[in-house]
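Worksheet for the structure shown next.
The values are calculated or read from the model by the stated rules, or taken from the named source; none is laboratory data. None of these values were measured; they are calculated from a predicted model. Note that each Cβ is placed from the backbone with ideal geometry, even for glycine, and that neighbours are counted across all protein chains shown. What goes into the accessible areas is simple: the full protein's heavy atoms, side chains included, and nothing from ligands, DNA or RNA. Shrake-Rupley method; radii C 1.70, N 1.55, O 1.52, S 1.80 Å.
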Amino acid sequence: MGFIEGRTILNRQAMTARDYIWLAVLGAVERAPLTMDEVAQAVAALAGPAWMPVSQLSFDAMDEMLEGGLLNPVERSLRLAITGDGRRRLQDLVAQPLAAPLSTFGQVGIRLKLAFLDLAPAAVRRRQIDALLRACDCEIATRTAACAAWSLNGPLGRVWLDHQVDALEEMAEVLRRLARAEGTGLIEG
């Protein structure tokens, strides 16, 4: 269980594909009221090339959110707007942990979280950045020459492992810059 602005977050399970879609929908609509088609396009664009949910899943999610009072139709238009309950759910999703953040699917979660992290309170932003940085540092530590996969790879495989470690180190450096910016208040939210 965790806390956001004095509220208890009951769902501390790692994010699922459904959560990714809900995060993208609520975050996109928080930025500006959008039509259902625009939201579905936003979800696909935000999730990126590694994972692209079929648009029907986005439409189903929007229907659930409308029924649950997380979204409302904007008067005299086809656009959807986020409600107060929708904002609270968005905050919960931004704060929810990722399973295997450095896996391909986890990278989608990072991409989505970072897209809307500026909408979260400063404490949540710092915790999320720190958690991602710790995951990177742990993964880098396990991918050294002592890694069990190292001896099983030929020279080309070891070059690829080195490339992956370089990418992790680059990601960690970006996260360190974000953490420093959060620590000095450079990122407004």
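Report yes if some residue within the stretch 110-130 is open to solvent by 30 Å² or more (accessible area, probe 1.4 Å), over 28 Å from ARG89 (Cβ atoms), out of contact with any Asp or Glu (no Cβ under 6 Å at 6 or more places or on another chain) and not assigned by the TED database to the domain that holds GLU30; otherwise report no. Looking for residues that are open to solvent by 30 Å² or more (accessible area, probe 1.4 Å), over 28 Å from ARG89 (Cβ atoms), out of contact with any Asp or Glu (no Cβ under 6 Å at 6 or more places or on another chain) and not assigned by the TED database to the domain that holds GLU30, one finds none in the stretch 110-130, hence no.
For the stretch 107-124, name all the residues that are over 21 Å from GLY48 (Cβ atoms) and in a helix (DSSP H, G or I). Residues satisfying the conditions are ALA122, ALA123, VAL124.
Within the stretch 78-110, can you find the residues that are in contact with a strand residue (DSSP E or B) (Cβ under 8 Å, 6 or more places away or on another chain) and over 30 Å from ALA172 (Cα atoms)? Break it down stepwise before answering.
Narrowing the stretch 78-110 to residues in contact with a strand residue (DSSP E or B) (Cβ under 8 Å, 6 or more places away or on another chain): 78-83, 86, 88, 90-92, 95-96.
Listed by number, the residues that qualify are LEU78, ARG79, LEU80, ALA81, ILE82, THR83, GLY86.
Out of PRO53, PRO97, I need the residue that is out of contact with any Pro (no Cβ under 8 Å at 6 or more places or on another chain) and either closer than 15 Å to ILE129 by Cβ or of a type in the set (S, T, N, Q) (or both). Which one?
On the way: PRO53 fails: either closer than 15 Å to ILE129 by Cβ or of a type in the set (S, T, N, Q) (or both).
The match here is PRO97.
Mind checking whether some residue in the stretch 79-88 is of a type outside the set (Val, Ile, Thr) and modelled with pLDDT under 95?
Within the stretch 79-88 (the criterion being of a type outside the set (Val, Ile, Thr) and modelled with pLDDT under 95), the answer is no, since none of the residues qualifies.
Does ALA135 satisfy being open to solvent by less than 90 Å² (accessible area, probe 1.4 Å), in a helix (DSSP H, G or I) and either modelled with pLDDT under 80 or acidic (Asp, Glu) (or both)? Quick ask: steps written out before the conclusion?
Numbers: open to solvent by less than 90 Å² (accessible area, probe 1.4 Å): yes; in a helix (DSSP H, G or I): yes; either modelled with pLDDT under 80 or acidic (Asp, Glu) (or both): no.
Criteria not met by ALA135.
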